[in-house]
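Asker: Starting off with a structure, shown below.
Quick note: the coordinates plus some simple rules give every number you see, no bench work behind them. This structure is a prediction, so every number in the text was calculated from the model and none was measured.
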Amino acid sequence: MKSLLRKLCKLFGIITHDGPDATKPKRLLTYKEIVTMLHEYDRTRFELLVNGLGFEDTRINTFDFQELKNYMNYMEKEAKEKGIKLKGISFIKGVYSAEHAPKKELKSYENLLYIPTTVVNGKEVQVDVLNSSREKLVTFKEILEKYNYEWRYDNKENFKLKSSQKEEVKTSFKAMMMRDGFTEEESSAGNFSHISPPH
């Protein structure tokens with residue numbers, strides 16, 4: 001039940017001490033690597049984003065450790081009951097809208113969503129554990145399609161969205177969200193974190 005959590009801890013260079021398997025991760029970053037990456041972000045994106053947005057966007061997402069552990073344990077429990085073998089967790093960029101920002105001042109700021117992954121036909125894909133069953137595995141992409149959102153990040157072939165479709169996608173999404181009887185279906189994704197900026 002804790003294997004997925006350990007993978008996440010290794011991703012962030014965190015060493016856990018909750019059992020005999022709390023071994024040092026095979027891959028930890030050096031500070032030389034860290035500073036190089038931070039500098040490269042500043043050099044290639046900081047000014048571009050500030051000029052484009054008119055403000056400094058989110059740089060840090062801080063998740064409550066216990067809440068994250070609970071999320072991982074719950075997803076693993078649900079996945080095991082449904083016969084789904086989890087492989088990892090994806091962190092996906094999103095932006096708070098005026099309607100869904102936890103606080104008014106967070107409107108238009110970037111945040112991270114996270115959702116488990118599994119392997120389907122040899123490819124790692126995001127999976128909606130809660131909406132899956134033993135009989136049918138439901139991918140994140142399938143759920144998003146119901147909400148008229150085209151998920152293009154599951155493989156190279158789907159990545160490029162034709163420019164001629166962009167306006168059609170925007171229009172159809174707005175119509176979908178305004179449809180009478182539209183309900184908010186529970187997902188397997190989470191994202192509640194403290195973001196900075198804003199400070």
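Asker: Past the 18 Å Cα-Cα mark, which pairs from LYS69/LYS107; LYS82/LYS136; LYS104/LYS146; LYS69/LYS93; LYS80/LYS141?
Answerer: Flagged as over cut-off: LYS69/LYS107; LYS104/LYS146; LYS69/LYS93; LYS80/LYS141.
Asker: Can you tell me the length gained on complete extension of the stretch VAL119 to LYS136, counting 0.36 nm per residue apart and subtracting the Cα distance?
Answerer: Here the answer is 4.7 nm.
Asker: Let me ask another. Please give the contour-minus-distance gain from ASP42 to ALA22: 0.36 nm per residue of separation, less the Cα-Cα distance, rounded to one decimal in nm.
Answerer: Stretched fully, the ASP42-ALA22 segment lengthens by 3.8 nm.
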